[in-house]
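Undergrad: Sharing a structure, written as structure tokens. Questions coming.
The values are calculated or read from the model by the stated rules, or taken from the named source; none is laboratory data. Being a predicted model, the structure only gives us computed values, none of them experimental. Cβ placement follows ideal geometry from the backbone for every residue including glycine, while neighbour counts extend to all protein chains displayed.
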């Protein structure tokens, strides 16, 4: 279940979660966090701004939904033995 998956109900507290950057906001109509394009476009480091948004919204949803984030983490491709 995704944090904003309304088929199972919205994860309690997701809409109030603190995410970055500060210009990001939760849309009660769409039931998801929004980061305006202009914020990313005008950021000193757009890639970092967007990645920070994705990471903080993922962390908020995963933590509130009780996901075992450590077991979902990917360390990159395995090196051959």
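Undergrad: Looking only at the stretch 41-54, decide whether some residue is surrounded by 10 or more Cβ atoms within 10 Å (Cβ to Cβ), on the phi < 0 side of the Ramachandran plot, in contact (Cβ under 8 Å) with a residue 12 or more places away in the chain and more than 11 Å from the chain's Cα centre (by Cα).
TA: Within the stretch 41-54, one or more residues are surrounded by 10 or more Cβ atoms within 10 Å (Cβ to Cβ), on the phi < 0 side of the Ramachandran plot, in contact (Cβ under 8 Å) with a residue 12 or more places away in the chain and more than 11 Å from the chain's Cα centre (by Cα).
Undergrad: If you don't mind, another one. When both residues are 6+ apart or on different chains and their Cβ atoms are under 8 Å apart, which pairs have a first residue that lies in the stretch 57-71 and is on the phi < 0 side of the Ramachandran plot and modelled with pLDDT of 90 or more, and a second that is loosely packed, with under 14 Cβ neighbours inside 10 Å and assigned to a helix (DSSP H, G or I)?
TA: Going by the 8 Å Cβ cut-off, the qualifying pairs are 59/69; 62/69; 62/72; 63/69.
Undergrad: Also, I was wondering about something else. Answer yes or no as to whether residue 21 is outside any helix (DSSP H, G or I), out of contact with any strand residue (DSSP E or B) (no Cβ under 8 Å at 6 or more places or on another chain) and surrounded by 14 or more Cβ atoms within 10 Å (Cβ to Cβ). I'd like the intermediate steps shown before the answer.
TA: Values: outside any helix (DSSP H, G or I): yes; out of contact with any strand residue (DSSP E or B) (no Cβ under 8 Å at 6 or more places or on another chain): yes; surrounded by 14 or more Cβ atoms within 10 Å (Cβ to Cβ): yes.
Taking the combined requirement at face value, the residue satisfies it.
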